Amino acid sequence: MPELPEVETTIRGLARFLDGERLERVELRRANLRRPFPEDLVQRLTGARVTGLSRRAKYGLIGTDRGATMVFHLGMSGRWRIDPSDIGTHDHLVMETTGHRFALCDPRRFGSVDLLESDSLDQWSSFATMGPEPLGPDLTAEHLHRAFAGRKQAVKLLLLDQRIVAGLGNIYVCEALYRAHINPVKAGGRISLAALKRLIPAIQAVLYEAIEAGGSSLRDYAQPDGQLGYFSKQFDVYGREAEPCACGGTIKRIAQGGRSTWYCPSCQR
Ligand SMILES: [Zn+2]
């Protein structure tokens, strides 16, 4: 599943070819992904000029000079292909500039595409209640300390709550808690401010490293220019049940909220 680093690398890859360009042709090849494509998408985007690309959590944003922003989510298996040699059955949206062709390929169709008014993006239902960006200035130890205050829920689960911090996926929560030496099972309200001050740079480091590696999803991911993504990114704990930790302990896998957590009980207390 594309995580935040894959979306960031996708946006950076698309921006190289798309930013400032006019969309000469926009084609929908089916009516829906997880939900229907906006009815006016083709009409509003054909002829529009792209004015900037950015990311919010795991959503990619393509701004235009028509006052409309296209917002996409890659779901479980989505990716953009740039200048594909052919258009296949899983390429559901195709856009062309003078020099390039972009295809949104999503075999499992859990992704989505929406068209929003650029001046009221923050009010969109998916964005309105979202917490700060993990790589932005608003994610601080003090913010987490306030958000966690009195909470009995495990810190691992609180970090996956989009209202507390936006777009952090399972992989990066596991890795960041490991680096900050925080036990994922511990109640959020019992995590000290000092520990949270270790956690913030840990979160940012694991994300930046993955972005630098070109995205780290385990399968179905290719960089937007068509190159394969980095499948072999080495994680410290994620997916490494029963392997030795650097501290001499053994990595353990447990279930939390229906998903796996990997951690080292020896050095994450
Ligand atoms: Zn350890």
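In segment 230-240, the qualifying residues are those that are of a type in the set (Ser, Thr, Tyr) and in contact (Cβ under 8 Å) with a residue 12 or more places away in the chain, and the one that is farthest from the ligand (Cβ to nearest atom) is 230.
Taking residue 184, is it modelled with pLDDT of 95 or more and within 16 Å of the ligand (Cβ to nearest atom)? Against the criterion (modelled with pLDDT of 95 or more and within 16 Å of the ligand (Cβ to nearest atom)), residue 184 qualifies. Filtered by the rule that a residue be part of a loop (DSSP other than H, G, I, E, B) and either more than 11 Å from the ligand (Cβ to nearest atom) or among the small types (Gly, Ala, Ser) (or both), segment 241-258 gives 241, 242, 246, 248, 249, 257, 258. Can you find even one residue in segment 216-233 that is outside any loop (DSSP other than H, G, I, E, B) and modelled with pLDDT of 80 or more? Taking every residue of segment 216-233 in turn, none turns out to be outside any loop (DSSP other than H, G, I, E, B) and modelled with pLDDT of 80 or more.
Applying a threshold of 7 Å to beta carbon distances and a minimum spacing of six or more residues, or different chains, the list of pairs starting in segment 60-75 at a residue that is more than 18 Å from residue 106 (Cβ to Cβ) and ending at one that is among the charged types (D, E, K, R) and part of a strand (DSSP E or B) reads 64/49; 65/49; 67/117; 68/117. Just one of the listed residues (194, 147) is free of Cβ contacts under 8 Å to residues at least 12 places away in the same chain and either in contact with a Phe, Trp or Tyr (Cβ under 8 Å, 6 or more places away or on another chain) or surrounded by fewer than 23 Cβ atoms within 10 Å (Cβ to Cβ) (or both), namely 194.
Considering the conditions (1) within 11 Å of the ligand (Cβ to nearest atom); (2) modelled with pLDDT of 95 or more, residue 261 is excluded by exactly one of them, (1). Contact map, segment 78-103: first residue farther than 17 Å from residue 46 by Cβ, second residue part of a loop (DSSP other than H, G, I, E, B) and basic (Lys, Arg), Cβ cut-off under 7 Å, separation 6 or more or different chains; pairs are 91/29. Somewhere in segment 9-30, is a residue under 14 Å from residue 111 (Cα atoms) and modelled with pLDDT of 95 or more? Yes; the residues of segment 9-30 include at least one that is under 14 Å from residue 111 (Cα atoms) and modelled with pLDDT of 95 or more. Helices (runs of 4 or more DSSP H) fully within segment 78-190 that include at least 3 residues being over 30 Å from residue 27 (Cα atoms): 141-148, 155-159, 170-179.
The set of residues in segment 34-82 that are acidic (Asp, Glu) and touching a Lys or Arg at 6+ places or on another chain (Cβ under 9 Å) contains only 65.
The values are calculated or read from the model by the stated rules, or taken from the named source; none is laboratory data. Note that the structure is a prediction, hence the values are computed from the model and not measured. All Cβ positions, even for glycine, are placed from backbone atoms using ideal geometry, and neighbour counts span all protein chains on display.
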